[in-house]
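Asks: Take this structure, written in structure tokens, and hold onto it; I'll ask about it next.
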Amino acid sequence: MTILIANSNIPFVFFYSYPFSTLRQRRKKPSGSSFSQKKPRINERIRAPEVLLVHDDGETEELSIASALQKAQEEELDLIEVSPKANPPVVKIGDIGQYLYQLKKKEKKQRSHTKQTEVKTLRFGFRTEKHDLDRLIERAQGFLGERHLVKFVVRLRGRELTNKDYAKDKLQTVVDAMEETADVEQEIKKQGNQFIVILKAKK
């Protein structure tokens with residue numbers, strides 16, 4: 001922009017600079033959740049020219065994708081690719097919503113079984129009083145409710161090592177107190193200077 005000053009033949013050049021805001025780099029949106037990434041291809045999204053169609057009765061037939069799609073349309077259902085890496089890919093006819101629900105249910109069940117393999121350890125001493133044991137048992141009940149395994153440990157020191165039967169009896173008292181909610185996964189046994197027992201939730 002050029003501005004002329006009054007009573008002067010000399011032009012005054014005025015520069016105006018617009019402020020530039022710092023542009024934040026846009027984050028790329030994730031392609032989807034872990035579950036959506038596992039979502040199977042359906043209908044026209046299935047790319048293979050030939051597929052192996054599995055029927056509800058277990059029978060299979062190999063046919064073109066066009067023929068499989070036609071069968072699905074006749075039943076007013078979806079053609080679902082259940083095994084994309086097979087040759088040819090394995091498909092079935094069904095409701096995609098119901099299929100995804102069953103997949104999610106299966107994953108949840110598998111996670112719960114995996115979770116049970118975690119072992120929670122609770123330790124107490126040779127002279128631990130009953131009220132302290134009751135608190136440990138209460139904690140163990142919580143772990144069992146979450147489908148964890150629970151390991152009780154009694155450690156013996158010094159002269160306590162000469163009274164191993166007392167330590168075993170103390171562990172057995174804990175087992176008996178939890179018999180309505182827990183089964184014995186691993187029987188009471190000696191490990192070095194301690195005795196242990198592992199319990200699991202009743203089915």
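The values are calculated or read from the model by the stated rules, or taken from the named source; none is laboratory data. Because the structure is predicted, anything quoted here is derived from the model rather than measured. As a convention, Cβ positions derive from the backbone with ideal geometry for all residues, glycine included, and neighbour counts pool all protein chains shown.
Asks: Quick check: anything in region 131-154 surrounded by fewer than 16 Cβ atoms within 10 Å (Cβ to Cβ) and over 20 Å from LEU199 (Cβ atoms)?
Replies: Yes.
Asks: Given the criteria farther than 30 Å from GLY145 by Cα, at pLDDT below 95 and not β-branched (Val, Ile, Thr), does GLN98 qualify?
Replies: For GLN98, the condition - farther than 30 Å from GLY145 by Cα, at pLDDT below 95 and not β-branched (Val, Ile, Thr) - is not met.
Asks: Yes or no: GLU160 in contact with a strand residue (DSSP E or B) (Cβ under 9 Å, 6 or more places away or on another chain), over 16 Å from LYS202 (Cα atoms) and not hydrophobic (A, V, I, L, M, F, W, C)?
Replies: The answer is yes for GLU160.
Asks: Between LEU171, LEU161, which is surrounded by 15 or more Cβ atoms within 10 Å (Cβ to Cβ), assigned to a helix (DSSP H, G or I) and touching a residue at least 24 places away in the same chain (Cβ under 8 Å)?
Replies: LEU171
Asks: Now for a separate question. Can you tell me how many residues within region 181-203 are of a type outside the set (S, T, N, Q), within 24 Å of LYS109 (Cα to Cα) and outside any strand (DSSP E or B)?
Replies: 2
Asks: For ARG123, state whether it is at positive phi and either of a type in the set (S, T, N, Q) or not in a helix (DSSP H, G or I) (or both).
Replies: For ARG123, the condition - at positive phi and either of a type in the set (S, T, N, Q) or not in a helix (DSSP H, G or I) (or both) - is not met.
Asks: In this structure, is LYS92 surrounded by fewer than 11 Cβ atoms within 10 Å (Cβ to Cβ) and not assigned by TED's automatic domain parsing to the domain that holds GLY145?
Replies: no
Asks: Please work out if LEU79 is over 30 Å from GLU160 (Cβ atoms), part of a strand (DSSP E or B) and either over 31 Å from the mean Cα position of the chain (by Cα) or free of Cβ contacts under 8 Å to residues at least 40 places away in the same chain (or both).
Replies: Yes; evaluated as a whole, the condition is true for this residue.
Asks: Restricting to region 101-128, name every residue that is at pLDDT 90 or above, under 30 Å from LEU156 (Cα atoms) and out of contact with any strand residue (DSSP E or B) (no Cβ under 8 Å at 6 or more places or on another chain).
Replies: Of everything in region 101-128, nothing turns out to be at pLDDT 90 or above, under 30 Å from LEU156 (Cα atoms) and out of contact with any strand residue (DSSP E or B) (no Cβ under 8 Å at 6 or more places or on another chain).
Asks: Restricting attention to region 55-72, report how many residues are under 18 Å from PRO40 (Cβ atoms), assigned to a helix (DSSP H, G or I) and not hydrophobic (A, V, I, L, M, F, W, C).
Replies: The total comes to 1.
Asks: Do any residues in region 181-203 that are in contact (Cβ under 8 Å) with a residue 60 or more places away in the chain have Cβ atoms under 8 Å from those of residues that are of a type in the set (S, T, N, Q), where the two are at least six apart or on different chains, and which pairs are they?
Replies: Close Cβ pairs satisfying both conditions: ILE198/GLN186; LYS200/GLN116; ALA201/GLN116; ALA201/THR181.
Asks: Quickly run through region 93-105 and pick out the residues that are outside any helix (DSSP H, G or I) and touching a helix residue (DSSP H, G or I) at 6+ places or on another chain (Cβ under 8 Å).
Replies: Of everything in region 93-105, just one residue is outside any helix (DSSP H, G or I) and touching a helix residue (DSSP H, G or I) at 6+ places or on another chain (Cβ under 8 Å), namely ILE93.
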